[in-house]
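Here the structure comes first, spelled out in structure tokens, and everything after it is commentary.
The values are calculated or read from the model by the stated rules, or taken from the named source; none is laboratory data. Given the structure is predicted, the values throughout are model-derived calculations rather than measurements. Don't worry about glycine lacking a Cβ; one is built from the backbone with ideal geometry, like all the others, and counts go over all protein chains shown.
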Amino acid sequence: MTLSYKKLSATIIMLCVFSMLSCSDPELDRLMDDYCNCIQKARYDQSMRYECIEKMDTIKKKYENQPRKLQSVLEKTDECY
């Protein structure tokens, strides 16, 4: 019975890992990293502020019809500050 429990536990863990990996979007991550870097630079250079706003507008427009990804954008935006 312990062998079955171990197999079940391993299967559950693998499913969790795969589901987390499948949810990641490298393109979204790259866009958000670029945006966060822009925000960091804009703290010291106010002239970059509009560039950052344009970046976010582009990201929002790209994912406007994908609510889960748009939610991810909002969550990642919080991490920038």
Name the residue, out of SER9, SER19, SER24, that is of a type outside the set (A, V, I, L, M, F, W, C), modelled with pLDDT under 65 and within 17 Å of LYS69 (Cα to Cα). SER19
Pair list, Cβ < 6 Å and 6+ apart or interchain, from region 45-66 residues that are modelled with pLDDT of 95 or more to residues that are small (Gly, Ala, Ser): CYS52/ALA42
MET48 passes all but one of (1) within 16 Å of SER24 (Cα to Cα); (2) more than 14 Å from the chain's Cα centre (by Cα); which number fails? (1)
